[in-house]
Amino acid sequence: MNSTYFIELFLGGLTRGSIYALIALGYTMVYGIIQLINFAHGEIYMIGAFTALIVSGALAFTGLDPVLIFLIAAVVAVVWSASYGITMEKIAYKPLRKAPRLSALISAIGMSMFLQNYVLLAQTSDFQPFPELIPDLAFLDPVSNIMNTTQFIILVTTAVVMILFTLLIRYTRIGKAMRATAQDKIMAQLVGINVNRVIMFTFLIGSSTAAIGGVLISSHVGQINFYIGFIAGIKAFVAAVLGGIGSIPGAVLGSFVLGLTESFGTGYISSDYEDVFAFAFLIIILIFRPSGLLGKPTKKKV
Amino acid sequence: MLKIEKLETYYGNIQALKGIDIEVSEGEIVTLIGANGAGKTTTLMSISGVVPPRSGKILLNGEDITGKAPDEIVPMGLIQVPEGRRIFPDLTVSENLDMGAFLRKDDAQIKRDVEYVFELFPILSERRNQRGGTLSGGEQQMLAISRALMAKPRILLLDEPSLGLAPIIVQQIFDIVKKINEEQKTTVFLVEQNANLALKTAHKGYVMETGRITMADTCENLLKNDEVQKAYLGM
C-alpha cells in the first residue's frame, strides 16, 4: 500500500466531507426545528455557486485583484442565497406549517424542481466554466501532489465556519432560542421566543453555509451547471441521516464519514461505484443504528 | 387583573371552549377545577396566545390581549407553567432558568432572581449544571416554576402542578405557590384536577365541564357544595 496515495485519498475525503457538512448543517437544523426535510436545500447551494459565477464574471473587467473578486463574489453569493432560503420558507413552507407533514415535503420537492428548471432556463444545461481566481499558495508547493490550494481553502474555511457556527449555537441569544425551539416549540413560545423569527433565522444560516459550500466547490471543480445541487443535496442529506437527522454534530460527523468512504471506495475499488458506496454505507449504518450515528432514538409515547 | 369574556376556542371544527367567563383579581389565587378533557389546558393556552381563540375577549389589566402572540404577552407579565412541565431536556438547569428570562435585559437583576429561586428550591442549586431531562418529576416541576419566576410574572398561570408527583412534593410545591403569592404579590391562576388541594389553596374557584363554566364561588363555599363534594372531592 502506497502511503502518499492513502494521504491523498484521505485529504480528498476530508474535502468532500467538508462540502457535505456545509450543506448538511442546513438539512439537520431545519429538520430539528420544523421536522421538514427541505429537499430544495441543494438548490440553494447551486444558486450560491451561480451567483458567485455571475458576480465574478461581472467584476472580471474591473481589473480588481482576483482574490478580492472571489471574496466579493462569495459574500454576494451568501447574501443572495440566504434571501432565497428565507423567501422559500415564506412562500413554500410557512403556509403549510399546520398542514400534514407530507404536504410540506411535497412542497419542498416542488420548490426543488422549480429552482432547478428556473436556473436551467436562465443558464442552459451546459456546464459553465468557473473562473480560477485563487492563486496557488506557495507554501503548498512541496505537497502539491497530495493537496492543492482550493482543497486547502475548503478545509480551512469549513473549519472556521464550523467553529463560528458552534459559538453561535452555544452562546448567542438566537442560538439558545434555536436550541430551545428545537427541543420544545410550545415551551419556547411560552418563554417569549418568537418562533417564526427563529425559523427564518434557521433558513438564513443554513442557506448561508450551503452557499459557502457552493462557492468553494465551484472554484475547486472549475465548472457548474443547474444539476449540481441535486446530487450534492442528496449526498448531504444522506450524511445528515447517517449522523442522525436533527443533530448538528451528527451531520458533521456523518459528512466526514461519507466523504472518506466515497474517497477510499473510489480510490481503492472503483470510481464507477462512487454513489453506490454512499448509499450502501447508509443502509448498513441504519440497519445497526436506525436513528443514525449520533441521533437519539425516537421516543415512544406510552 | 385578568378578565375573560365569552371565550370560544376551536381545534379545527371541534369547539373546546363554549363561551367562558373568568375573572382573576390582583393578588388573588384563583383555581379552575374540572375533569380530564373539560378544557382547562385549552383555556390557559388561549390566554397565553398559543391557541388563539375564535371569539370572545381576554383583558389583562384592562388591555385587550386577544389574538396577541405569546412573545407579546410574556413581556406584559403573564407567564404560564404548562402541563407536563415542559423542561428543555437538553439544556442545563441554569440554561433553563436563563430561557425563562429570555426577554429581559437587566442582567444584574436576573442574577439576583436566580439566587432567589435557588433559595426557594435549594435542590436546583445543587443540580444547576445537570441537564433538565435528567431531573426527577418533582425537581422538574420546581424548575418549571422557577423558570416562570425568572420572567418576572405579575400573574402566574399554573397547569396541573401536582400531576404525577408524590403527595409530599405536591404539598411542598403548593406551599411555595402560596409563598410566592404572599411575598411577591404575584397573582396566581391555578388549574388543577386535585380539587381538594386546589380549593384549600385558592381564594376563589371555578368549576369547568365540557367547555363551560358550571360554577363560580369562593373556595369555602365550593368545598361545602354538595355537587362539588360528590363529583370532585369523592365524598
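Values quoted throughout were computed directly from the atomic coordinates according to the rules given, and no laboratory measurement underlies them. Nothing here was measured: the structure is a model prediction, and the numbers come from that model. Positions of Cβ are backbone-derived with ideal geometry, glycine not excepted, and every protein chain shown enters the neighbour counts.
Structure values in brief
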quantity: Long-range amide H partners of A:ILE224 with built H, under 5 Å; calculated: A:GLN128, A:PHE130
quantity: Loop-exposed trypsin sites (Lys or Arg not before Pro) per DSSP, neighbour cap 16 Cβ within 10 angstrom, longest uninterrupted part of chain A; calculated: A:99-298
quantity: DSSP-defined antiparallel bridges as percent of all bridges, the protein assembly as shown, nearest 5; calculated: 55 percent
quantity: Antiparallel content of DSSP bridges confined to chain B, in %, to 5; calculated: 55 percent
quantity: Averaged over A:175-188, number of beta-carbon atoms from partner chains that fall within 10 Å; calculated: 5
quantity: Pairwise centroid distance, computed over Cα atoms, of region B:1-63 with region A:42-120, Å; calculated: 44 Å
quantity: Peptide-level mean, for A:191-198, of C-beta atoms on other protein chains within 10 Å; calculated: 6
quantity: Inter-chain Cβ neighbour average for residues B:92-100, partner chain, 10 Å; calculated: 3
quantity: Kyte-Doolittle at least 1.6, axis length at least 24 Å by Cα - qualifying DSSP helices, chain A; calculated: A:66-88, A:149-171
quantity: Region B:2-232 - convex hull of alpha carbons, volume per residue in Å³; calculated: 118 Å³
quantity: Convex hull projection area averaged over all views, region A:12-233, Cα basis, nm²; calculated: 13.1 nm²
quantity: Against the rule of thumb 2.2 N^0.38 Å, how large the Cα Rg of region B:100-235 comes out; calculated: 1.17
